[in-house]
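Heads up: the structure comes next, in structure tokens.
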Amino acid sequence: MSSDAVSLPVLPPPRTVPLFALPPHDCSYLPGRAARSRGFLCERMPGELYHAFMDAGFRRSGRLVYQPVCDACRACRPLRVPVEAFQPSKSQRRTWKRNQDLVVSVGDPEPTEEKFAVYARYVRDRHGRSEDATPEAFVSFLYESPVDTLEFAYRDAAGRLLGVGVCDVCPGRSLSSVYFYFEPRDEKRGLGVFSALWEIGYARQNSIPHYYLGYWIDGCGTMHYKADYRPHEVLDADGAWRRPAGQ
């Protein structure tokens with residue numbers, strides 16, 4: 001599918017690749033709208049190239065690298081945090097203090113039965129999608145990656161696994177949050193916020209200038225939290241990253 005097939009301009013990929021149209025589906029974020037994407041499957045890609053694809057509005061899910069190209073809609077806008085400029089809010093600082101008992105390990109992604117059990121409870125209780133919680137889908141979604149990927153595991157003092165974050169990394173350029181899943185019964189800890197703060201801190205310690213949070217949609221309640229990490233930048237239609245007014 002070419003960019004001529006959509007009614008609004010779309011950023012071109014940074015390298016010529018054969019793109020195919022994904023089947024249309026109901027938009028998960030804006031009710032009453034149909035969503036369309038284009039993409040390609042990739043076995044392996046250098047981090048620098050994937051970083052360039054993210055700067056053209058692409059993301060990955062497993063080995064699928066995709067870009068939203070919905071008719072008459074460009075509401076999905078990539079959002080990133082400039083790590084050195086980031087300042088946590090009072091609420092974020094409280095969440096950070098609340099979770100200082102956690103032990104965080106960083107390593108290569110590895111699917112295990114323990115992690116799958118947490119993931120299955122997460123998608124069932126948080127998203128009502130028990131049918132998606134199969135070991136095969138779990139591995140293909142989170143543990144098959146065409147780029148260098150890190151896994152952040154969050155455990156309590158007793159060693160119980162509370163959450164797992166998967167991030168793509170391009171050294172010296174970007175750390176990109178792919179997904180975070182956690183134990184639903186520990187929801188009050190604010191583990192999603194804590195994991196983002198920890199990953200931003202990891203990026204700062206490793207001289208990675210930008211932390212990518214995926215797509216953000218203005219006015220979408222389920223994505224509002226991404227704009228709470230300030231300052232942040234969103235990708236405009238001309239391919240430039242800009243801070244929203246008021247920051």
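The listed peptides 175-183, 148-156, 200-208, ordered by packing as a protection proxy, come out as 175-183, 148-156, 200-208 (highest mean of other Cβ atoms within 10 Å first).
In plain terms, the chain from residue 63 to residue 87 could stretch by 5.3 nm, reckoned as 0.36 nm per residue minus the Cα-Cα distance. Cys residues of the chain that find no other Cys beta carbon under 4.7 Å: 27, 42, 76, 167, 170, 220.
A Cα-only calculation for the chain places Rg and Dmax at 17.8, 56 Å.
Remark: the range 37-48, residue by residue, has Karplus-estimated 3J(HN,Hα) of 9, 10, x, 8, 8, 9, 7, 7, 8, x, x, 4 Hz, where x stands for each Gly or Pro and the curve is 6.51 cos²θ - 1.76 cosθ + 1.60 at θ = phi - 60°.
Please report the carbon-and-sulfur percent of the accessible area for the chain; probe 1.4 Å, protein heavy atoms only, DNA, RNA and ligands left out. Solvent-exposed carbon and sulfur of the chain make up 52 percent of the total. Shape analysis of the range 171-247 places it in the oblate category; the axes a ≥ b ≥ c from the Cα gyration tensor give an a/c of at least 1.5, with a/b not above b/c.
Listed by chain and number, the lysines whose alpha-carbon sits under 21 Å from that of residue 97, ignoring those within fewer than 8 places in the same chain, are 188, 226.
At a temperature of 4 °C and a viscosity of 1.567 mPa s, determine how fast the range 116-208 diffuses translationally according to Stokes-Einstein, using the Kirkwood radius over alpha-carbon pairs as Rh; express D in µm²/s, rounded to the nearest whole number. Could the numbers behind the result be given before it?
Working: Rh = 14.0 Å.
Reported coefficient: 92 µm²/s.
Peptides 224-230, 80-86, 102-108 ranked from most to least packed give 80-86, 224-230, 102-108, packing being the mean of other C-beta atoms within 10 angstrom over each peptide's residues. Checking the a/c ratio against 1.5 first, then a/b against b/c, what shape does the Cα gyration tensor give for the range 1-111? Prolate is the answer for the range 1-111, as a/c is 1.5 or above and a/b outweighs b/c.
The values are calculated or read from the model by the stated rules, or taken from the named source; none is laboratory data. Predicted model only: the values in this text are computed from it and were never measured. Backbone-built Cβ (ideal geometry, glycine too); neighbour counts: all protein chains shown. In case anyone asks, the SASA skips ligands and DNA or RNA and just uses the protein heavy atoms, side chains included. Shrake-Rupley method; radii C 1.70, N 1.55, O 1.52, S 1.80 Å.
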